[in-house]
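Before any comments, here is the structure.
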Amino acid sequence: MKSDIDPLEPRMWEIDQFPAHNQLSGFIDFVESEVPEKGKYVELGTFRGVSCAALAKLRPDLEIITIDRMVNPEAASRLSPFSNVTVQICDALDFAGTISDGEIDVVYIDTDHDYSSVWESLAKWAPKVVPGGVVAGHDYWKEFQEVIWAVTDFFQNPPTRVYADSSWAWHVPENNEAQ
């Protein structure tokens, strides 16, 4: 499915502008391994909308909600062609109150990178994920030690998997089984 994304398509991404931990190819690996074809995916942190646009293109039958306190015009333009994407301009922690526990298949956390913000996002959003679903995020790498600490402390283990773009995934146990 990687061939569906043209890495030279400017509206998707500009390769020279991203450091190695942000390369879209790593995110695509994450999507192909962790994200179902259908279901509900919530992204906390929209930024430029690059990863959300790639996800929408790779998973056209997936309901995607991306949440940020503000969405820049570049992101709005990039995401507008995708009917499966809803942009919520609000605080992600407040929006969590509108989602029932066990309602979403994947949550992807890429907001503030300090320990308390990551921990609070995990505490609010992890319960929203179905058993067998995925709690995930970005920037699990050496430049963001507080992300590493918060994720590892919250789950009392490192993530199930870390991808080349620094995306991480933790699988929600089914029926209270071990991870």
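The values are calculated or read from the model by the stated rules, or taken from the named source; none is laboratory data. In this text, all values refer to a predicted model and were calculated from it rather than measured experimentally. Cβ placement follows ideal geometry from the backbone for every residue including glycine, while neighbour counts extend to all protein chains displayed.
Brief remarks on what is shown
- Qualifying residue in the range 24-43 (condition: in contact with a Cys (Cβ under 8 Å, 6 or more places away or on another chain), within 22 Å of residue 107 (Cβ to Cβ) and either surrounded by 22 or more Cβ atoms within 10 Å (Cβ to Cβ) or at pLDDT 90 or above (or both)): yes
- Residue in the range 107-122 that is surrounded by the fewest Cβ atoms within 10 Å (Cβ to Cβ), counting only those that are touching a Leu at 6+ places or on another chain (Cβ under 9 Å) and not hydroxyl-bearing (Ser, Thr, Tyr): 120
- Subset of the range 129-143 that is surrounded by fewer than 20 Cβ atoms within 10 Å (Cβ to Cβ) and at pLDDT 95 or above - its residue that is farthest from residue 96 (Cα to Cα): 132
- Pairing residues of the range 70-82 that are crowded, with 17+ Cβ neighbours inside 10 Å with residues that are basic (Lys, Arg), at Cβ distances under 6 Å and at least 6 apart in sequence or on separate chains, gives 75/48; 78/11.
- Members of the range 55-67 that are surrounded by fewer than 22 Cβ atoms within 10 Å (Cβ to Cβ) and either without any contact (Cβ under 8 Å) to a residue 40 or more places away in the chain or touching a Leu at 6+ places or on another chain (Cβ under 9 Å) (or both): 56, 59, 60, 61, 62, 63, 65
- Subset of the range 83-106 (residues that are within 19 Å of residue 34 (Cβ to Cβ), surrounded by 19 or more Cβ atoms within 10 Å (Cβ to Cβ) and not charged (D, E, K, R)): 85, 104, 106
- All of 10, 19 fail the test of being surrounded by fewer than 14 Cβ atoms within 10 Å (Cβ to Cβ), within 22 Å of residue 161 (Cα to Cα), modelled with pLDDT under 95 and more than 12 Å from the chain's Cα centre (by Cα), apart from 19.
- Elements of type strands (runs of 3 or more DSSP E) contained in the range 99-176, each with 1 or more residues being of a type in the set (Asp, Glu) and farther than 20 Å from residue 23 by Cα: 104-109
- Subset of the range 47-69 (residues that are assigned to a loop (DSSP other than H, G, I, E, B) and modelled with pLDDT of 95 or more): 59, 60, 61, 69
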